[in-house]
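These notes are about the structure you will find just below.
Nothing in this text is a laboratory measurement; each read-out follows from the coordinates by a stated rule. Everything numeric here is computed off the predicted structure, so don't read it as measured data. All Cβ positions, glycine included, derive from the backbone under ideal geometry; neighbour counts span all protein chains shown.
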Ligand SMILES: [Fe+2]
């Protein structure tokens with residue numbers, strides 16, 4: 001697939017040492033942002049990161065806890081529910097109901113929590129952590145779970161801020177132009193478990209084509225991830241075990257006036273039945289701006305490019321209910337309308 005672009009898949013999404021994000025040398029960071037990170041990732045928004053030993057340790061600690069959670073009896077897991085959409089535990093049946101008729105199988109279960117301001121959960125998530133049937137806290141079932149997930153979420157929030165600073169420096173706007181929306185934003189950690197897949201049908205997807213909605217997504221590298229480039233060509237993303245992937249979401253694409261793209265992507269189901277029958281875990285973190293934030297291109301970038309590619313300005317919370325596809329449709333409609341009204345040369 002990647003051959004179609006003339007690039008090798010491993011070159012297509014670069015890998016950087018995560019330690020480069022933590023440097024205190026401002027000039028070195030700006031140089032990295034402008035000359036390495038930005039130019040090689042802006043076309044698609046995807047980047048691979050080789051973990052520092054500290055981050056690796058922290059992630060592995062939580063990964064073990066997430067596995068223990070998913071090994072709990074279904075009746076216990078079901079007690080960690082929430083009325084808030086997507087929060088708490090969602091079992092196979094809940095997901096099946098959400099799936100549209102005839103849609104591609106995407107059989108997953110997950111446990112999702114949101115961070116509040118600082119190293120803490122938000123109110124909804126604090127409630128989720130107490131089992132509705134037994135009154136017991138999650139830490140009574142999986143000792144240390146709430147601490148390990150907060151450690152991971154907190155680290156990911158800081159990493160996301162640094163990546164967004166790098167994007168801003170690449171775009172030649174003040175470093176905090178986009179990262180300022182991270183503190184107090186809606187950041188969710190989703191501990192996913194995909195049970196063995198019995199479906200023998202070939203060519204199916206685990207997660208069908210979509211664009212992430214938020215600012216930035218961070219996750220442990222997984223096999224089967226395809227990224228669609230500007231020309232609509234799909235590229236298989238080759239990764240090494242233990243890496244993380246970062247990818248920009250629609251909010252970032254809008255803030256950047258389209259200069260930092262949020263590429264559509266999908267996760268293929270391996271055709272090999274032996275692999276399908278192995279259980280699989282994943283742990284994406286979705287970083288998003290605060291609900292009241294107006295998502296619109298930065299004025300500097302509109303002035304520089306001479307046009308606003310996202311005239312359909314919208315608050316984060318409205319974008320959340322609208323979804324990426326509907327937003328894009330409305331934006332395209334408005335763009336056409338504005339073009340029609342523009343004085344003809
Ligand atoms: Fe995604």
>> If R₀ is 35 angstrom, what is the calculated FRET efficiency for the pair residue 183 and residue 223, using the beta carbon separation as r and rounding to 0.05?
In response: 0.55
>> As an exercise, use a Förster radius of 35 Å and the Cβ-Cβ distance of residue 64 and residue 335 to find the FRET efficiency, rounded to the nearest 0.05.
In response: 0.15
> For residue 268 and residue 300 in the same chain, what is the full-extension length gain: residue separation times 0.36 nm, less their Cα-Cα distance, in nm?
Replying inline: 7.7 nm
> What is the Cα radius of gyration of region 278-327 over 2.2 N^0.38 Å, N being its residue count?
Replying inline: 1.58
>> Test of understanding: what is the full-extension gain from residue 56 to residue 154, defined as 0.36 nm times their sequence separation minus their Cα-Cα distance?
In response: 33.9 nm
>> Using Cα-Cα distances under 8 Å and only pairs 6 or more residues apart, what relative contact order does the chain have, in percent?
In response: 20 percent
> Which of 164, 129, 334 moves most in a GNM of the chain, Cα contacts under 10 Å?
Replying inline: 334
> Quick one: if you stick a label point 7 Å off each Cα along the C-beta vector at residue 23 and residue 147, how many nm between them?
Replying inline: 3.5 nm
>> Output the 0 to 90 degree angle, nearest 10, between the alpha-carbon long axis of helix 324-341 and the longest principal axis computed from the alpha carbons of the chain.
In response: 20 degrees
> Using only helices, what value at 222 nm comes out for the chain when you add -39,500 (n - 2.57) per DSSP H run of length 4 or more and divide by the total residues, to the nearest 500 deg cm²/dmol?
Replying inline: -10000 deg cm²/dmol
> Given R₀ = 41 Å, FRET efficiency for residue 328-residue 140 by Cβ-Cβ distance, to 0.05?
Replying inline: 0.40
> What is the gain in length, in nm to one decimal, between residue 309 and residue 123 on full extension, counting 0.36 nm per residue of separation less the C-alpha to C-alpha distance?
Replying inline: 63.3 nm
> For the chain, how big is Rg over Rh, using alpha carbon atoms and the Kirkwood form of Rh?
Replying inline: 0.96
> Which whole-angstrom value gives the distance between the alpha carbon centres of region 12-87 and region 109-170?
Replying inline: 13 Å
> Any idea what angle helix 145-171 forms with the longest principal axis of the chain, computed on alpha-carbon atoms, 0 to 90 degrees, nearest 10?
Replying inline: 10 degrees
>> Please compute the Kirkwood hydrodynamic radius over region 108-197, one decimal place, Å, based on all pairs of different Cα atoms.
In response: 14.9 Å
>> Using a 10 Å cut-off around each Cβ, can you sort 276, 126 from fewest to most neighbouring Cβ atoms?
In response: 126, 276
> Against the longest principal axis of the chain, how steep is helix 53-70, in degrees 0 to 90 to the nearest 10, with axes from Cα atoms?
Replying inline: 50 degrees
